[in-house]
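Enquirer: Submitted below is the structure of interest, expressed as structure tokens.
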Ligand SMILES: *Cc1c(COP(=O)(O)O)cnc(C)c1O
């Protein structure tokens, strides 16, 4: 097998969902947008549904259709982009529940799919999606008469516990929804960790299920092993990789491994990347190229057959730091060339 082996631990995803649910003690609806953060929406959602998840979130109606095919009837599938122009058929056929983001979406939904359940997304300051207070005030009576299943909003700075934006958005969300007697949701993974004030009736964990954002009892989910294709022995002064950006300062043994930026190992991680052989860190050298990474295995007693890029020794967040990005982007960039397996 020449390509990397990407193993996705479904029991760890379920365990992370249970740990986050235990922290929140309210309904907990997995967010499986973008193919479950790149890890495979069908196997991931089936494992979570078997463990008891009854509500899921996706970004788009098309993702909701794929999820409905994977799960069958029963689970509630909420669509964060709401009811966009052209979505009525998908929403109707797959029994999706759009989170309506504007007066236009509300009117479109009530006209094209009367009686079909919906929620409302409110904008509490992130200025991305949802109805602003004035819009909401204008249509609240019409919307509430149709019994929305959820009023939700999203936090912009939940990964920074001390950020004043969190309390500001919490306060605004309460003012917009107190006393309306509709289930409410504000927290994604970061919001769950902010504490019970943020939990309301439903939480929406995404990245925390998949090994990002650390919390107590969080388990790593992905393991990525990259086979070595070739070894090279260098004399001091010899160079490696595009642009000659690395030079041997001692007699060195290099291993060329089978993944590159086309596989989601961001080129911005060049010169900062660490691979692992068991518990031994192995520095990558030179630039990450499209299909290949070069690693310095001089200090290993034996030639390795493969090196590990993601696993217990290096989480998605740690790899993200080397690349100057966030765990979310590392996960969703994991490429299509890996041999993928889902393990229980
Ligand atoms: C992506 C998303 C989530 C999940 O966020 P995580 O930080 O991955 O837990 C929840 N709610 C909304 C509106 C989102 O866009």
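The values are calculated or read from the model by the stated rules, or taken from the named source; none is laboratory data. From a predicted model like this one, the values you see are computed outputs, not experimental measurements. Cβ placement follows ideal geometry from the backbone for every residue including glycine, while neighbour counts extend to all protein chains displayed.
Enquirer: Do we find that residue 225 is away from the ligand (no atom under 16 Å from the Cβ) and either exposed (fewer than 14 other Cβ atoms within 10 Å of the Cβ) or farther than 20 Å from residue 291 by Cα (or both) in this structure? Give the derivation first.
Expert: On the way: away from the ligand (no atom under 16 Å from the Cβ): yes; either exposed (fewer than 14 other Cβ atoms within 10 Å of the Cβ) or farther than 20 Å from residue 291 by Cα (or both): no.
Spelling it out, it is not the case that residue 225 is away from the ligand (no atom under 16 Å from the Cβ) and either exposed (fewer than 14 other Cβ atoms within 10 Å of the Cβ) or farther than 20 Å from residue 291 by Cα (or both).
Enquirer: Quick one: residue 204 ticks every box in (1) in contact with a helix residue (DSSP H, G or I) (Cβ under 9 Å, 6 or more places away or on another chain); (2) surrounded by fewer than 17 Cβ atoms within 10 Å (Cβ to Cβ); (3) farther than 30 Å from residue 259 by Cβ bar one, so which box is it?
Expert: (2)
Enquirer: Filter the stretch 183-211 for residues that are more than 18 Å from residue 58 (Cα to Cα) and either assigned to a loop (DSSP other than H, G, I, E, B) or more than 9 Å from the ligand (Cβ to nearest atom) (or both) and give the result.
Expert: The answer is 183, 193, 194, 195, 196, 197, 198, 199, 200, 201, 211.
Enquirer: Suppose we filter 115, 119 for residues that are more than 12 Å from the ligand (Cβ to nearest atom), at pLDDT 95 or above and assigned by TED's automatic domain parsing to the domain that holds residue 80; which single one remains? Even if it seems obvious, please write down each step before you answer.
Expert: Numbers: 119 fails: more than 12 Å from the ligand (Cβ to nearest atom).
115 is the lone residue from the list that is more than 12 Å from the ligand (Cβ to nearest atom), at pLDDT 95 or above and assigned by TED's automatic domain parsing to the domain that holds residue 80.
Enquirer: Would you confirm whether any residue within the stretch 167-175 is crowded, with 17+ Cβ neighbours inside 10 Å, modelled with pLDDT of 95 or more, within 28 Å of the chain's Cα centre (by Cα) and within 14 Å of the ligand (Cβ to nearest atom)?
Expert: Of all residues in the stretch 167-175, those crowded, with 17+ Cβ neighbours inside 10 Å come to 169-170, 173.
Checking the rest, the ones that are also modelled with pLDDT of 95 or more come to 169-170, 173.
Keeping just the survivors that are within 28 Å of the chain's Cα centre (by Cα) gives 169-170, 173.
This time we only want the ones that are within 14 Å of the ligand (Cβ to nearest atom), so: 169, 173.
The answer is yes; a qualifying residue exists.
Enquirer: Oh, and also: Filter the stretch 61-81 down to the residues that are assigned to a loop (DSSP other than H, G, I, E, B) and buried (at least 18 other Cβ atoms within 10 Å of the Cβ) and list them by number.
Expert: Going residue by residue through the stretch 61-81, those that are assigned to a loop (DSSP other than H, G, I, E, B) are 72-75, 80-81.
Those that are assigned to a loop (DSSP other than H, G, I, E, B) and buried (at least 18 other Cβ atoms within 10 Å of the Cβ): 75, 80, 81.
Enquirer: Which of the residues belonging to the stretch 89-112 are more than 16 Å from the ligand (Cβ to nearest atom) and under 20 Å from residue 55 (Cα atoms)?
Expert: Narrowing the stretch 89-112 to residues more than 16 Å from the ligand (Cβ to nearest atom): 89-95, 103-104, 106-112.
Selection gives 90, 91, 92, 93, 94, 95.
Enquirer: Here is a check on your reading of the model: is residue 155 in a loop (DSSP other than H, G, I, E, B) and either at positive phi or modelled with pLDDT under 95 (or both)?
Expert: Details: in a loop (DSSP other than H, G, I, E, B): yes; either at positive phi or modelled with pLDDT under 95 (or both): no.
Considered against the rule, which asks whether it is in a loop (DSSP other than H, G, I, E, B) and either at positive phi or modelled with pLDDT under 95 (or both), residue 155 comes out as no.
Enquirer: Quick check on my filter: what residues within the stretch 190-201 are surrounded by fewer than 24 Cβ atoms within 10 Å (Cβ to Cβ) and in contact (Cβ under 8 Å) with a residue 60 or more places away in the chain? Spell out how you get there, then give the answer.
Expert: Narrowing the stretch 190-201 to residues surrounded by fewer than 24 Cβ atoms within 10 Å (Cβ to Cβ): 190, 193-199, 201.
If the condition is that a residue be surrounded by fewer than 24 Cβ atoms within 10 Å (Cβ to Cβ) and in contact (Cβ under 8 Å) with a residue 60 or more places away in the chain, then 193, 196, 199, 201 are the ones that fit.
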